[in-house]
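Report on the following structure.
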Amino acid sequence: MTQLSNNLIPASKGWETELTTERAKTTVRWFAIPILFAVSVWMRRSDPAIKASFTETVLWISLAVAVIFTGIESAYLWKPGRTQIHPAVKYLTVTGDMFIISCLIYYTGWAQSPFFFVYFVFLISNCLRYGLLMSVFVAAVFNVMYVVTLGLAPIGAVKASVLGGEGLKILSFWAGALYGGAISARLRRQANQLRVYEETLLELRAQLREKESTP
């Protein structure tokens, strides 16, 4: 009966699969890499201090790592016959993305780096796709990587007066993670409820057609 109802009207699949989500993220990353690279080049040209630390060698190595990382992921995700991915893949790709962002922050001004806001874009993108658990994971990884990035800065590079501001950044990031994750969880519940309603209606319609076709 379920097969009959599925042939009548295609039911909604609900939330997208993790394979579809990772493919979408990889596509976005291919567009984001040249944009971030162009911004990095512009910052080097406009700020002598950044140019001194963010050398051409470091810049090209960062670009190569991002391209290789994305290329490997693309080959894995678009492998012929691929219908699902290992659950750990999404956490590995998230960690890799945040590592690259942290490197950009390190070489472009530490606490004053504009790339800090990329963290927030990255957070919202992943928490809406994966829900509360991924939001907490991103926030935890950010908490570690951002503190380590500032800790590795040369003495005097991060002013003491900015520490309070850095605490507010971390708190606001956690607040965004929890709030975005809660919204994503609610959207997922609604999507699942809608899918159940559609399947129920299809079942009832199939039963009705079977009764009408019975002499």
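The set of residues in the stretch 185-215 being hydroxyl-bearing (Ser, Thr, Tyr) and surrounded by 11 or more Cβ atoms within 10 Å (Cβ to Cβ) consists of TYR197, THR200. Scanning the stretch 23-40 for residues being surrounded by 14 or more Cβ atoms within 10 Å (Cβ to Cβ) and β-branched (Val, Ile, Thr) gives a total of 3. Residues in the stretch 131-147 include at least one that is among the hydroxyl-bearing types (Ser, Thr, Tyr) and under 21 Å from PHE69 (Cβ atoms). The residues on offer are GLU203, GLU210, GLU166, GLU198, and the sole one that is among the charged types (D, E, K, R), under 30 Å from GLU56 (Cβ atoms) and in a helix (DSSP H, G or I) is GLU166.
Among the numbered conditions (1) crowded, with 18+ Cβ neighbours inside 10 Å; (2) over 16 Å from ARG29 (Cβ atoms); (3) at pLDDT 85 or above; (4) not polar (S, T, N, Q), the only one that VAL158 does not meet is (3). Among the residues of this structure, ARG129 counts as one that is closer than 29 Å to THR20 by Cα and among the charged types (D, E, K, R).
Can you tell which of ILE105, ILE170 is surrounded by 17 or more Cβ atoms within 10 Å (Cβ to Cβ) and in contact with a helix residue (DSSP H, G or I) (Cβ under 9 Å, 6 or more places away or on another chain)?
Numbers: ILE170 fails: surrounded by 17 or more Cβ atoms within 10 Å (Cβ to Cβ).
Sole residue among the options that is surrounded by 17 or more Cβ atoms within 10 Å (Cβ to Cβ) and in contact with a helix residue (DSSP H, G or I) (Cβ under 9 Å, 6 or more places away or on another chain): ILE105.
Among residues of the stretch 76-87 that are within 11 Å of THR20 (Cβ to Cβ), those with a beta-carbon under 6 Å from a residue that is among the acidic types (Asp, Glu) and at pLDDT below 90 at least six positions away or on a different chain give the pairs ILE85/GLU18.
Number of residues in the stretch 69-113 that are under 18 Å from the mean Cα position of the chain (by Cα) and in a helix (DSSP H, G or I) equals 25. Cβ-Cβ contacts under 7 Å between residues 6 or more apart (or on different chains), taken from a first residue in the stretch 129-144 that is on the phi > 0 side of the Ramachandran plot and without any contact (Cβ under 8 Å) to a residue 60 or more places away in the chain to a second residue that is surrounded by fewer than 18 Cβ atoms within 10 Å (Cβ to Cβ) and in a helix (DSSP H, G or I), are listed as GLY131/ALA185; GLY131/ARG188.
The values are calculated or read from the model by the stated rules, or taken from the named source; none is laboratory data. Everything quoted here is computed from the prediction, not taken from an experiment. Here Cβ is always computed from backbone atoms with ideal geometry, including for glycine, and neighbour counts include all displayed protein chains.
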